[in-house]
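The values are calculated or read from the model by the stated rules, or taken from the named source; none is laboratory data. Given the structure is predicted, the values throughout are model-derived calculations rather than measurements. Positions of Cβ are backbone-derived with ideal geometry, glycine not excepted, and every protein chain shown enters the neighbour counts. Surface areas here come from the heavy atoms of the whole protein model, side chains and all, with no ligands, DNA or RNA. Shrake-Rupley method; radii C 1.70, N 1.55, O 1.52, S 1.80 Å.
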Amino acid sequence: MSATEWRNIVVAVRSPEQKRQAAITKAAELARRCGARLTLLHTFSVPYPLPSRIPANSDDILEAVAAERRKQLALLAKPLRASGLKVDCKVVWDFPPAEAIVRHVLASKADLLVAESQRHSRVGRWFLANTDWEL
């Protein structure tokens, strides 16, 4: 499949609160060139950081975290939409995050997945989930 046939590009967004998103920038340029739809996907397994107002039960906590992250993705999507791109935002609570991303890519029949890698210290590699490596 050539790049001109890409119609559905998914961007795995690790930290939606960050303003600078290299993966989104690169994926947006590809989407512009191909006329593809862009999906900003954030997956999380631990609801951290917690919302400012902590709900009483775990389901409400997860929904509050997801809602907050959807707002953050919407802020990232706003300038892309203003430039004419078709952008969807999706937040998923699942474990492990890498497998959640794969499940979404398969279900949505995405043509391309764009994900940033993150540098970890030697000790961090042993104890932290390496979603980018697992993908």
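Observations on the model:
- Of the set (1) open to solvent by 70 Å² or more (accessible area, probe 1.4 Å); (2) touching a strand residue (DSSP E or B) at 6+ places or on another chain (Cβ under 7 Å); (3) within 15 Å of T131 (Cβ to Cβ), all apply to V13 but (1).
- Sole residue being more than 13 Å from R14 (Cα to Cα), surrounded by 13 or more Cβ atoms within 10 Å (Cβ to Cβ) and modelled with pLDDT of 95 or more, chosen from A74, A82: A74
- Of all residues in segment 22-42 being open to solvent by 20 Å² or more (accessible area, probe 1.4 Å) and not hydrophobic (A, V, I, L, M, F, W, C), the one that is farthest from S117 (Cα to Cα): G35
- Matching residues in segment 1-10 - criterion: being touching a strand residue (DSSP E or B) at 6+ places or on another chain (Cβ under 8 Å) and open to solvent by less than 50 Å² (accessible area, probe 1.4 Å): W6, N8, I9, V10
- Complete set of residues in segment 88-100 that are farther than 19 Å from R7 by Cβ, touching a strand residue (DSSP E or B) at 6+ places or on another chain (Cβ under 7 Å) and open to solvent by less than 80 Å² (accessible area, probe 1.4 Å): V91, V92, D94, P97, A100
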